[in-house]
Amino acid sequence: MYMRKYISILLIFSSLLYGRKIIVKMATLAPKGTEWHGMLIEMGQEWKKITKGKVQLKIYPGGIIGDERDMVRKMRIGQIHAAGITAEGLSEITPEFGGYFVPLAYQSSDDVKSVTKALMPKFNEGLKKSGFKMLHLGEVGWVYWFSKDIIKEPNDLRKMKFFTWAGDFKWEQAWKKAGFNPVALASTDIISSLQTGLINTIPTMPIYALAQQSFGIANQMLNLKWGVLMAGIVVDLDTWNRIPLKYHKDLIKVVNDIQNKYGSLNSDSEKKAISAMKNYGLNVIEINDKQKSMWFSEVDKIEPLLRGPIIPEDIYDTVIKLTKKQ
């Protein structure tokens, strides 16, 4: 009899637990109305449908929660539960994601795929140790230098004042030691800093430059793939484990299906963004082989400042091995 009462209490408790809505607060820097924001909206709609309303996403776009470091901090203390963040934010959780910051290493999607495949086990292990679950990791697009004045060679960049992430002191110091002029800012302050002249150069994607209208000031684009922007969707493990296990596989599938659908549009989106900006005054700077070689030589010179002090040595070496052209 006592056992029956005990089982009944457990059943009632389970019913209450799994019958309650789980609100997942998710933050992103993606501006409201962009494809990335739309992707998260679609993801939330599908999650709600699959779980019959038990799991609902509440999305905070456009950096209203703060920069990516703020997002990670707020996930850790439970103010938000998930985030769509770039490798910058992911590296705040676990340093292995710094492998995506090796300048000029990535020149094709094949480069990105080979490195991602090799490092994924370390990514997942590092995230799990820090209390996070990664639902998706994907290539968002290519990063170029956008500046107010023309940049063709490394010494041209040395004359510029460019954005670097606030709180990332190691990168800021590495740039300074290499003779450059970084200005540490929250990403949400980029536009105002361009307007006031605090900075005059940013490394960013064409799609972002168009969406945020930063190309209106920094209207010179160096046509050289400086790096790749990777982004992932992460959720804190406590929140993920609150969601009934029976939904996990389907929820992850939704994330991947939607991300892959949007990802297939990235190449065309970049071309269209550049074309649109050119119609409004963007100047795309082409360089010759000699100038391109100067950039790669510059990266070789600053390798000691990156390999070990910023990017774990084994990660750096893996990236170079997998992306270096024979």
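The values are calculated or read from the model by the stated rules, or taken from the named source; none is laboratory data. Everything numeric here is computed off the predicted structure, so don't read it as measured data. Virtual Cβ from ideal backbone geometry, glycine too; neighbours counted across all protein chains shown.
Residues of segment 175-217 being without any contact (Cβ under 8 Å) to a residue 40 or more places away in the chain and of a type in the set (Gly, Ala, Ser), which ones? If the condition is that a residue be without any contact (Cβ under 8 Å) to a residue 40 or more places away in the chain and of a type in the set (Gly, Ala, Ser), then GLY179, ALA184, SER192, SER193, GLY197 are the ones that fit. Working only within segment 177-214, note down all residues that are of a type outside the set (A, V, I, L, M, F, W, C), more than 29 Å from SER275 (Cβ to Cβ) and under 21 Å from the mean Cα position of the chain (by Cα). The answer is PRO182, and nothing else. Only one of the listed residues (LYS128, LYS152, LYS117) is among the basic types (Lys, Arg), within 28 Å of LYS301 (Cβ to Cβ) and surrounded by fewer than 19 Cβ atoms within 10 Å (Cβ to Cβ). That residue is LYS152. Checking each residue in segment 101-114 for being closer than 22 Å to VAL255 by Cα, crowded, with 16+ Cβ neighbours inside 10 Å and either at pLDDT below 95 or within 15 Å of the chain's Cα centre (by Cα) (or both) picks out only VAL112.
Criterion applied to ASP314, ASP268, ASP250 was being surrounded by fewer than 17 Cβ atoms within 10 Å (Cβ to Cβ), within 25 Å of the chain's Cα centre (by Cα), part of a helix (DSSP H, G or I) and at pLDDT below 95, and the one residue passing it is ASP268. Could you please find all residues in segment 147-176 being in a helix (DSSP H, G or I) and either closer than 10 Å to THR201 by Cα or under 18 Å from the mean Cα position of the chain (by Cα) (or both)? Listed by number, the residues that qualify are LEU157, TRP171.
In segment 108-119, the residues that are more than 11 Å from LYS225 (Cβ to Cβ) form Cβ pairs under 8 Å with partners that are modelled with pLDDT of 95 or more and charged (D, E, K, R), at six or more places apart or across chains, as follows: LEU119/GLU96. Looking only at segment 278-294, decide whether some residue is part of a helix (DSSP H, G or I), under 28 Å from TRP36 (Cα atoms) and not β-branched (Val, Ile, Thr). Yes, some residue in segment 278-294 is part of a helix (DSSP H, G or I), under 28 Å from TRP36 (Cα atoms) and not β-branched (Val, Ile, Thr). Going by the structure shown, is LYS122 surrounded by fewer than 15 Cβ atoms within 10 Å (Cβ to Cβ), of a type in the set (D, E, K, R), out of contact with any Ser or Thr (no Cβ under 6 Å at 6 or more places or on another chain) and at pLDDT 95 or above? It is false that LYS122 is surrounded by fewer than 15 Cβ atoms within 10 Å (Cβ to Cβ), of a type in the set (D, E, K, R), out of contact with any Ser or Thr (no Cβ under 6 Å at 6 or more places or on another chain) and at pLDDT 95 or above. Checking the stated criteria, GLY131 turns out to be modelled with pLDDT of 95 or more and on the phi > 0 side of the Ramachandran plot.
Against the condition under 30 Å from TYR280 (Cα atoms) and not small (Gly, Ala, Ser), how does VAL254 come out, does it pass? The answer is no for VAL254.
Consider only pairs whose beta carbons are under 6 Å apart and that are at least six residues apart or on different chains; among these, list those whose first residue lies in segment 29-52 and is over 18 Å from ASP257 (Cβ atoms) and whose second residue is β-branched (Val, Ile, Thr) and assigned to a helix (DSSP H, G or I). Within 6 Å, no pair qualifies.
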